[in-house]
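As structure tokens, the structure follows; a few thoughts come after it.
Since every read-out is calculated from the coordinates, none of them should be taken as a lab result. Please read these numbers as outputs of a predicted model, since none were measured by experiment. Glycine also receives a Cβ, built like all others from the backbone with ideal geometry; neighbour counts cover every protein chain displayed.
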Amino acid sequence: MIRPEAPRRRSFVVLLVSATSACVLGACASEAIVAARETGGAAEPPPPPVAAPPIPSAPATPAPPEPPAHFPPLPEVPDNPTTGPGFALGRRLFYDARLSRTGTVSCATCHEQAHAFTVPEALPARGVTQEPLARHAPSLVNLAWADSGLFWDGGSKNLESLALAPLTHVDEMGREGELDAMMGAIAADAAYPRMFEAAFGAEGVTVGNVMRALAQFQRALFSAGSRWDAWRLGQSAPWSADEELGRDVFARDCARCHTPGLFTDAGFHNNGLDASFGDDPEAPRRGRGRVTFSADDVGKYRTPTLRNVAVTAPYMHDGRFATLETVVAHYRTGMVDSPSLDPGFRREGAPPGIAMSDAEARALLSFLDLLTDPALGLDPRYANPFLVSP
Ligand code: HEC
Ligand code: HEC
């Protein structure tokens, strides 16, 4: 696939890497000057020039992960392009519990690599107060393409500004009014000042750069190594008859919202979970309506990706369904009507839902299993850097 943006992005990375090594060269050069001053007495003639030994190259920060070639072009982020040093810094911050008020909660506490960066808990009670949150933690893969807003209701505009929400939320990381203390903890670390400089130059250790680095790390959480991808790339072992039938059922009933290959249309829909949404216009259960204040949007949520869905239970914005069997049963027979229900689920003379035979439902479940990327949970580039060497 032709990706017009890719070369520009790559050349930026190259520039940054060479800037880093230039720095290293600079340091070597000034050492050489000091050495010359120490030996340089006026009486001594300068020694004859000898070929300088090759300068050992400093270990370069690896480039960030590349986007999958069969995905749509990676959207450009001109004011915060992902670089090797920015990604490495963001990864360390993502796993660093010192960012929280109690020193016990990191982003990864609620976004675990083994679960495609979500948690196996409906409303996670894992923040500094151990109070359950209002919603389930969504998977964080392939968010570089999430162009309709973040959070279940799309209420956050971009990954840069989003990080401030969990950092300052009283029940998540508890740093409301305490960002100075957080920055103090970061600046006191032996490695961070150097890493901020490598990523952002002289501007260094600032709250803005914490946000930028976290965004760079998350924007490079790519997941594209499923059996579905292998099939899409013509590299797959044959599928079972059930998996093939499941693909057809999926194409017929699910793909209009969970559109391959991101398995989301980034749109907002009501898939018939609830009949009423309360009166408080700002309550989380209003869904998208809480953001737009439009009656049409009440009860709608952003379509979640189904990539890795076998490891991201429980399901829906509030984690109400523990298994994929229950989810499929919901689409077949569990749906309830409300004004914003997606019209595609309405049927003449029958309650809303999707008609499907038992065999088709079983096949659909086999197909959903094909969307798991087994490499994601083990990818060392995304792992906790405090536990493994980078
Ligand atoms: C205590 C648990 C918890 C912690 C800690 C936490 N999150 Fe989350 N995260 C959630 C929940 C719950 C949501 C869903 C919120 C919503 O949609 O209203 C979420 C949503 C998100 C989303 C939106 C994803 C999407 O698809 O819309 C991103 C991005 C995110 N978190 C990043 C972070 C980062 C970065 C940190 C650390 C600075 C962090 N989270 C810390 C629980 C947590
Ligand atoms: C009209 C759009 C639409 C269609 C069609 C649709 N879905 Fe969904 N799906 C959604 C939305 C929106 C959500 C999130 C709803 C919420 O949490 O309130 C969702 C959630 C899910 C989830 C939960 C994922 C998670 O991470 O929590 C699964 C699984 C799922 N759908 C599977 C399917 C399957 C299988 C089909 C076909 C039988 C299907 N969907 C058809 C819009 C749709």
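Taking 0.36 nm per residue of separation and subtracting the Cα-Cα distance, full extension of the segment from PHE386 to ASP358 would add 5.4 nm. Maximal additional length on extending the ALA255-ASP274 stretch stands at 4.6 nm, based on 0.36 nm per residue less the C-alpha distance. Within a Cβ distance under 10 Å of ASP297, other residues only, what is the Lys/Arg minus Asp/Glu net charge? That sum, taken over residues with Cβ under 10 Å, equals +2.
For a paramagnetic label modelled at 7 Å from the Cα of ASP265 toward its Cβ, which residues of segment 283-323 fall within the zone defined by backbone nitrogen distances under 11 Å? Answer for this model: 303. With contacts taken as Cα pairs under 8 Å at a separation of at least 6 residues, segment 227-369 carries a relative contact order of 30 percent.
Highest mean packing first, where packing is the average number of other Cβ atoms within 10 Å per residue, the peptides 369-377, 321-329, 300-308 line up as 300-308, 369-377, 321-329. Counting only Cα atoms, the size of segment 108-188 along its three principal axes is 33, 26, 23 Å, in decreasing order.
Database remark: amide H of GLY287 closer than 5 angstrom to the amide H of GLY299 (H placed geometrically; neighbours at sequence offset of 5 or more, or on other chains; Pro and chain starts carry no H).
Grab the other residues whose beta carbon is less than 10 angstrom from that of PRO314, score K and R as +1, D and E as -1, and report the net. Counting the neighbours of PRO314, the net charge comes to -1.
In units of the rule-of-thumb radius 2.2 N^0.38 Å, segment 227-369 shows an alpha carbon radius of gyration of 1.11.
Extension gain for the segment THR206 to GLN235, taken as residue separation times 0.36 nm less the Cα-Cα distance, is 5.9 nm to one decimal.
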